[in-house]
There are 2 protein chains.
Amino acid sequence: MIKRELFFEPEASAEVVNEAYRALEEEMQSERVGYYKLPESDMLSKIEDFIAAYDFDAKGIKNIVVIGIGGSSLGTRAIDALLCHTPQRNGRKLIFLENVDPVEIKTNLDGVVFEESFFIMISKSGSTIETTSHVKYLIGHFHAPVESEKFRNHFAFITDEGSPLDLLGKDIKVPVFHIPHNVGGRFSVLSAVGLLPLTLLGYDTRALLEGAKSLKDSFFARNEDILVQKGHYYATHRETFPINVLFSYASAFTAFNAWYVQLWGESLGKIDREGKHVGMTPVGIIGSIDQHSFLQLLIEGPRDKTVTMIKVVDFQTELQIPDVSLPHLEKTDYVNGHSFNKLIDAECDATMESIIQQGISVDKIEIGKIDAYNVGYMIIYYELLTSICGHFLGIDTYNQPGVELGKRILKEKFKS
Amino acid sequence: MIKRELFFEPEASAEVVNEAYRALEEEMQSERVGYYKLPESDMLSKIEDFIAAYDFDAKGIKNIVVIGIGGSSLGTRAIDALLCHTPQRNGRKLIFLENVDPVEIKTNLDGVVFEESFFIMISKSGSTIETTSHVKYLIGHFHAPVESEKFRNHFAFITDEGSPLDLLGKDIKVPVFHIPHNVGGRFSVLSAVGLLPLTLLGYDTRALLEGAKSLKDSFFARNEDILVQKGHYYATHRETFPINVLFSYASAFTAFNAWYVQLWGESLGKIDREGKHVGMTPVGIIGSIDQHSFLQLLIEGPRDKTVTMIKVVDFQTELQIPDVSLPHLEKTDYVNGHSFNKLIDAECDATMESIIQQGISVDKIEIGKIDAYNVGYMIIYYELLTSICGHFLGIDTYNQPGVELGKRILKEKFKS
């Protein structure tokens, strides 16, 4: 159960709202944008068949190593961090090879035994330099040549059909799962990119897809005016409010915030049809921690931010603050006998009220409990909101031309 | 060795630069602002005496538990994350009780044995509600009443002299280390707040202070025009560039980025003398990971950001990318036989060049290697830069009045 509320006045007319519904319908029906259909794809069945046939338990697989960067890792990271305290999570260790930082690579592989590990190489283009370099390193480090049975039995590839990596997989008979061509990396977590590792960690990925489907269906049934209004407000006020803060009240949202930052920043930071630089800057913060950090800037700094509060109603764990009175600290006794759950809940409400009192545009997302269904819902919520903003900004939400220049310069640096 | 370079044109006249030197000197000499003197304080000697007398090894202390939030935890977190791969780091586990999230508290204390743990409760005011609640929970959870020998032998307090926590410590004979009154939480990492836990983890905290002292001395000898120019540029262009991005090319900087966000946001987000909301929004990102996330927004999004690149020259670990050519992926072979060190280095340079080509205001900080001395230097670098910006913004850099409203509302929520 997820409740949503806007504390600012929606401004789009019925016609403008309908135009956004139509635009996203057109994206879906023209097959130009593929993420809308991921909740109904048959990929999960294929993955379940693969997992059953491979028999990971019998093979003693203890580590799932995801080799990927950006859209190939952030979504899985976000969902695992949200769900890792739920009973579904099995004991397998999840390891990411993401940055090309030598210290980090060494630390991440410390103690990893090849025979106990399953490696998932993820690259939409198939030739991401960070990811291919990691795999080359693994080949050398574990003495597992790419044509060997050793390699074949411990790797899967996730990539676009027809990519160089797809061709390699076919040549050497490594299982390959495809990312639909019309699904961009940052919109791919509900494809094999997220479904393979997350299913291997024990999660109910079927419920994840169901949660996503429920909001998607509601949207295309045109019951989500509140979502369209929010996107419209953000896009039309982008010069007044160039920064959109996501203030999540649970530590488990830290990686979700990072996923949001990529989705939002890379989708909306664009040159529009008139050649103008547009977009909004995403910032993710965590309550109550960042009440002691970013909050002062929100309250007294420039009025250039919108704020979305994420509140968790049921943490599925309750801890009491005992009725202990510390000499000289009696003024803190007002929380005695209450739970930490009540404290973080009250902090969220109090902070939200103090921000609203400043006249800042706030909305709230209240999540019953953090489970796979609700996480799927939150994923598609932000994906749809991104598409809506992109529509109102008049940009191509789904490309990322700005990063190509750096890639070209990089190659030149190795020529000299 | 740390080198710094601005890729934008400094704009302050010699007189304006001197005015900034004078303003910070006045802050230091008037004793209004205390962090400038932390590198020369005798606190570290006191801490070393305490550690020698307590004999942590003989007592079998395996866990250092820091109970604190915001300025009481972010600095220690940042420095430990930067240095934890260096040989000085001993095997003790560092645990933070920070958020009041019940799931996180439970996870953090999982497997923690009281007798093997030393708890450092940190609160400048002495009555931070998150921190006092955590300590009450520990008292109940471990059956260690506050007046007991058990409690006394496993706790230290760090707080202001005369605070309620200081009075409690004196009553129950728990060792107390003081934060100078004129050192704010977010400027306190070089006080006992950071020095006690970091020394207990084996770090050369004396070198940390020396690194800080070297830049501070250089600044007050008026040899740091480049630093003043940067602060002046940021402050005077705050309406054009309301966002200051710190783009650090090493995963170890993730927590340092978070420390920067608090320092910058909470210090500079203020109502100025004329009643105007001023300040700049800090954003911390990590290379090469965020080339696949935030970079698109930097390159094509609104021109509202400055960028500081942090580059590490010597990772003190070298990893080679083997000369492995993968069929169909031959176009990635340009990195073969090179090191990951060279790759991340070249990615940093290539990204920086691509950003500069966009006309974005960039500067670079190049760190020889990440050691205690250079980390101390980086800490005071950002503290001084913050003070300089605050001077040019005409604000009180050292208070945080904006967070009080939320605290008042919170208390009311427990009355009903």
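Yes or no: residue A:157 crowded, with 23+ Cβ neighbours inside 10 Å, closer than 21 Å to residue A:61 by Cα and without any contact (Cβ under 8 Å) to a residue 40 or more places away in the chain?
yes
Out of (1) buried (at least 24 other Cβ atoms within 10 Å of the Cβ); (2) more than 7 Å from chain B (Cβ to nearest Cβ); (3) within 24 Å of residue A:76 (Cβ to Cβ), the odd one out for residue A:266 is which?
Among (1) buried (at least 24 other Cβ atoms within 10 Å of the Cβ); (2) more than 7 Å from chain B (Cβ to nearest Cβ); (3) within 24 Å of residue A:76 (Cβ to Cβ), residue A:266 violates only (2).
For residues in the range A:299-322 being under 24 Å from the mean Cα position of the chain (by Cα) and within 28 Å of residue B:299 (Cα to Cα), which is farthest from the other protein chains (Cβ to nearest Cβ)?
A:308
Having 1 or more residues that are basic (Lys, Arg) is the bar; report the helices (runs of 4 or more DSSP H) wholly within the range B:206-315 that clear it.
B:225-236
More than 8 Å from every other protein chain (Cβ to nearest Cβ) and not polar (S, T, N, Q), is that true of residue A:272?
Yes.
With A:108, A:18, A:99, A:63 as the choices, which residue is surrounded by 14 or more Cβ atoms within 10 Å (Cβ to Cβ) and without any contact (Cβ under 8 Å) to a residue 24 or more places away in the chain? Lay out the reasoning, then the answer.
Values: A:18 fails: without any contact (Cβ under 8 Å) to a residue 24 or more places away in the chain; A:99 fails: without any contact (Cβ under 8 Å) to a residue 24 or more places away in the chain; A:63 fails: without any contact (Cβ under 8 Å) to a residue 24 or more places away in the chain.
Answer to the check: A:108.
Here's the yes/no breakdown for (1) under 27 Å from residue A:255 (Cα atoms); (2) of a type in the set (Asp, Glu); (3) outside the structural domain of residue A:190 (by TED's automatic domain parsing):
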position	(1), (2), (3)
A:9	no, yes, yes
A:16	no, no, yes
A:37	yes, no, no
A:43	yes, no, no
A:52	no, no, no
A:73	yes, no, no
A:78	yes, no, no
A:86	yes, no, no
A:92	yes, no, no
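Out of all the residues in the range A:354-363, is one or more closer than 19 Å to residue A:3 by Cα, within 22 Å of the chain's Cα centre (by Cα) and modelled with pLDDT of 95 or more?
Looking through the range A:354-363, at least one residue is closer than 19 Å to residue A:3 by Cα, within 22 Å of the chain's Cα centre (by Cα) and modelled with pLDDT of 95 or more.
What is the one condition in (1) within 20 Å of residue A:95 (Cβ to Cβ); (2) in contact with a helix residue (DSSP H, G or I) (Cβ under 8 Å, 6 or more places away or on another chain) that residue A:160 does not satisfy?
In the conditions (1) within 20 Å of residue A:95 (Cβ to Cβ); (2) in contact with a helix residue (DSSP H, G or I) (Cβ under 8 Å, 6 or more places away or on another chain), residue A:160 misses (1) alone.
Tally time: how many residues in the range B:351-367 are among the small types (Gly, Ala, Ser) and crowded, with 22+ Cβ neighbours inside 10 Å?
2
Examine the range A:368-379 for a residue that is of a type in the set (Lys, Arg) and over 29 Å from residue A:219 (Cβ atoms), and state whether such a residue exists.
No, there is no match, as no residue in the range A:368-379 is of a type in the set (Lys, Arg) and over 29 Å from residue A:219 (Cβ atoms).
Where the second residue is exposed (fewer than 13 other Cβ atoms within 10 Å of the Cβ) and of a type outside the set (D, E, K, R) and the first is under 17 Å from residue A:148 (Cα atoms) and lies in the range A:160-173, which pairs have Cβ atoms under 8 Å and are six or more apart or on separate chains?
What qualifies is A:167/B:327; A:168/B:327; A:171/B:327; A:172/B:327.
Just one of the numbered conditions (1) in a helix (DSSP H, G or I); (2) more than 29 Å from residue A:317 (Cβ to Cβ) is not true of residue A:75; which one?
(2)
If I filter the range A:368-416 down to residues being within 11 Å of chain B (Cβ to nearest Cβ) and surrounded by 19 or more Cβ atoms within 10 Å (Cβ to Cβ), which single residue comes out as nearest to residue A:262 (Cα to Cα)?
Residue satisfying both the conditions and the ranking: A:400.
Out of (1) within 18 Å of residue B:123 (Cβ to Cβ); (2) buried (at least 24 other Cβ atoms within 10 Å of the Cβ), what's the single condition that is false for residue B:216?
Among (1) within 18 Å of residue B:123 (Cβ to Cβ); (2) buried (at least 24 other Cβ atoms within 10 Å of the Cβ), residue B:216 violates only (1).
Considering each of A:340, A:294 in turn, give the residue that is under 28 Å from the mean Cα position of the chain (by Cα), crowded, with 22+ Cβ neighbours inside 10 Å, in contact (Cβ under 8 Å) with a residue 40 or more places away in the chain and within 7 Å of chain B (Cβ to nearest Cβ). Show your work before the answer.
Numbers: A:340 fails: in contact (Cβ under 8 Å) with a residue 40 or more places away in the chain.
Only one candidate passes the filter, namely A:294.
Within the bounds of the range B:205-212, is there any residue that is crowded, with 21+ Cβ neighbours inside 10 Å and within 14 Å of another protein chain (Cβ to nearest Cβ)?
no
Going through the range B:323-336 one residue at a time, which ones are within 8 Å of chain A (Cβ to nearest Cβ) and part of a loop (DSSP other than H, G, I, E, B)?
B:324, B:326, B:327, B:328, B:329, B:336
Could you check residue A:189 against (1) surrounded by 23 or more Cβ atoms within 10 Å (Cβ to Cβ); (2) away from every other protein chain (no Cβ under 12 Å); (3) not in a loop (DSSP other than H, G, I, E, B) and say which number it fails?
Going through the list (1) surrounded by 23 or more Cβ atoms within 10 Å (Cβ to Cβ); (2) away from every other protein chain (no Cβ under 12 Å); (3) not in a loop (DSSP other than H, G, I, E, B), residue A:189 breaks only (3).
If a residue must be without any contact (Cβ under 8 Å) to a residue 24 or more places away in the chain and facing chain B (nearest Cβ under 8 Å), how many such residues does the range A:112-144 contain?
4
Taking residue B:73 and the conditions (1) surrounded by 21 or more Cβ atoms within 10 Å (Cβ to Cβ); (2) in contact with a helix residue (DSSP H, G or I) (Cβ under 8 Å, 6 or more places away or on another chain), which numbered condition does it fall short on, given that it satisfies the others?
The single condition residue B:73 does not satisfy is (2).
The values are calculated or read from the model by the stated rules, or taken from the named source; none is laboratory data. Note that the structure is predicted; figures quoted are calculated from it, not measured. Backbone-built Cβ (ideal geometry, glycine too); neighbour counts: all protein chains shown.
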